[in-house]
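Contents: one structure, followed by commentary.
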Amino acid sequence: MDWNHAPDSFLSAADLNRLETQTAFLRGRLEGYGYSIALSCKTDWQEGAFPAAAELGRIRENINALQAGFYSLPDWREIERKYLPGGQETLDAEILNAEEWDLHALGVWVDRMAAAFVYSGEIFSGEV
């Protein structure tokens, strides 16, 4: 993940696909641990196709749904939505950095959770 986008950098299809792919990946990991999180991801963004305001909102709602379905993280970055004149939602480097950071942080906390699992059975109990 790259959470250090410069203010003058442009949003690319690779950025959108990375966000959506990581979101879907984390959803799969959490579902593997018994969590149930409903979201929809689009991972086929093409260069030149800028997302509509509803798509930007959906991406953030998906990221928030991961946290809501898992755990309230202490290092979560709340995002203030930004709008263009006329009410269209926009995405800038600050928002993109926060979204990528949140996905990264969620992955770290899922890794920590998995590392804390206690295994039982003959091999792990010292009986063998």
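The values are calculated or read from the model by the stated rules, or taken from the named source; none is laboratory data. All figures in this text were calculated on a predicted structure; none of them were measured in a lab. Positions of Cβ are generated from backbone atoms using ideal geometry, with glycine treated the same way; all protein chains shown enter the neighbour counts. The area values use the complete protein model at the heavy-atom level, side chains included, leaving out ligands, DNA and RNA. Shrake-Rupley method; radii C 1.70, N 1.55, O 1.52, S 1.80 Å.
What do you reckon, is L73 in contact with a helix residue (DSSP H, G or I) (Cβ under 9 Å, 6 or more places away or on another chain), at pLDDT 80 or above and under 27 Å from A13 (Cβ atoms)? Show your work before the answer.
Numbers: in contact with a helix residue (DSSP H, G or I) (Cβ under 9 Å, 6 or more places away or on another chain): yes; at pLDDT 80 or above: yes; under 27 Å from A13 (Cβ atoms): no.
No.
In region 1-17, the residue that is modelled with the highest pLDDT out of those that are part of a helix (DSSP H, G or I) and surrounded by fewer than 18 Cβ atoms within 10 Å (Cβ to Cβ) is N17. Summed over region 33-72, the residues that are of a type in the set (A, V, I, L, M), open to solvent by less than 30 Å² (accessible area, probe 1.4 Å), in a loop (DSSP other than H, G, I, E, B) and farther than 15 Å from L103 by Cα give a count of 0. Candidates T21, T90, T43: the one that is modelled with pLDDT of 90 or more, on the phi < 0 side of the Ramachandran plot and among the β-branched types (V, I, T) is T21.
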